Amino acid sequence: MTWTLPHPMLSTPTPAPELRPGWAAEPKWDGFRALVSVEADRVVLRSRRGTDMLAAFPEIEAGATQLPDQTALDGELVVWNTAGRPAFERLQHRLARRGAAAARAAEEAPAHFVAFDLLRLSGTDTDTTGWPYRRRRAALESVFAARRLSAPWTLCPSTTEADTVREWLTWGSVGLEGGVFKRLDDAYRPGARDGWLKYKVRETTEAIVGAVTGTLAAPRTLLLGRYDASGRLAYVSRTTALPRAEGAAVAGLPGPRGRIRRGRRCHGCSGRR
């Protein structure tokens, strides 16, 4: 019988990055949650919601030859830019690529699978989800060491030291989103939300809405910019997808001269302002 990947274990927000006794912490990267399995030369790469992503990331399929048969991992797909920061937009753009376009994208913006959990281990009779986190983590580290795994595989750090967590949370310059906290004795419970906690680092800043995706009447995301030294509005980031109510509220806000004007482009933005 073919083994199937479980639903991913999920996390709930926590207001403070407190590392409690009996817990471990891991960095939270800006990427796509993904699960991968290898069995009898068949590779499966699935998103958190169950979407097959293998065709978009051929480097993961090629790299699967490094993994022992009957192995499954949980982790995060991340693309790093030349400055060493996660480039989430480049990762997003890769989702639509297939065939030769996906292969070119893998060379230009290679993705890494940052593994943080072990769901199945070669040589065991059953999956490892019933094992406590501390045992799964030790086994995951052993797989990386024994197989000398290299790109696209990356081992996510883990710590039980509060000082280390505090240091991680200062790594905003390298794109660290925050931290995830897990009980050392907790099993991996597919689909559960009551076991892991996530803390997101939040920074407040000001930016100009230079464009939207979707329509002006129903914006899906906002493209943000700041004026550069030459006085041009340069793109800096975009928001996450807006819930319908928030999109409607934004659509009702006044733009330049009372309305958002069409036809002028924000320098570096892919939409209109």
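Numbers for the structure displayed
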{"quantity": "Residue tally, condition part of a loop (DSSP other than H, G, I, E, B) and of a type in the set (A, V, I, L, M, F, W, C), over the range 100-147", "calculated": "3"}
{"quantity": "Checklist (1) more than 18 Å from the chain's Cα centre (by Cα); (2) aliphatic (A, V, I, L, M); (3) surrounded by fewer than 20 Cβ atoms within 10 Å (Cβ to Cβ) applied to VAL38, failing item", "calculated": "(3)"}
{"quantity": "First in the range 141-169 and closer than 23 Å to PRO21 by Cα, second anywhere and acidic (Asp, Glu) and open to solvent by less than 50 Å² (accessible area, probe 1.4 Å), Cβ under 7 Å, 6 or more apart", "calculated": "CYS156/GLU26; PRO157/GLU26; SER158/GLU26"}
{"quantity": "Positions within the range 61-87 being in contact with a helix residue (DSSP H, G or I) (Cβ under 7 Å, 6 or more places away or on another chain) and assigned to a helix (DSSP H, G or I), in sequence order", "calculated": "GLU61, GLN66"}
{"quantity": "Strands (runs of 3 or more DSSP E) enclosed by the range 207-246 - at least 2 residues per element that are within 20 Å of ARG90 (Cα to Cα), out of contact with any helix residue (DSSP H, G or I) (no Cβ under 9 Å at 6 or more places or on another chain) and open to solvent by 50 Å² or more (accessible area, probe 1.4 Å)", "calculated": "233-238"}
{"quantity": "Boolean, ALA96 is out of contact with any Phe, Trp or Tyr (no Cβ under 6 Å at 6 or more places or on another chain) and either of a type in the set (D, E, K, R) or surrounded by 12 or more Cβ atoms within 10 Å (Cβ to Cβ) (or both)", "calculated": "no"}
{"quantity": "Test: residue in the range 129-140 that is among the aromatic types (Phe, Trp, Tyr) and farther than 23 Å from HIS7 by Cβ", "calculated": "no"}
{"quantity": "Residue, least open to solvent (accessible area, probe 1.4 Å), within the range 160-197, restricted to residues that are at pLDDT 95 or above and basic (Lys, Arg)", "calculated": "LYS182"}
{"quantity": "Test: residue in the range 42-58 that is of a type in the set (D, E, K, R), assigned to a loop (DSSP other than H, G, I, E, B) and either in contact with a His (Cβ under 9 Å, 6 or more places away or on another chain) or open to solvent by less than 20 Å² (accessible area, probe 1.4 Å) (or both)", "calculated": "yes"}
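The values are calculated or read from the model by the stated rules, or taken from the named source; none is laboratory data. Worth saying up front: this structure is predicted, and the values here are computed from it rather than measured. FYI the Cβ positions are ideal-geometry reconstructions off the backbone, even for glycines, and counts take in every protein chain you see. Note: accessible area is taken over every heavy atom of the protein model, side chains too, but ligands, DNA and RNA are not part of it. Shrake-Rupley method; radii C 1.70, N 1.55, O 1.52, S 1.80 Å.
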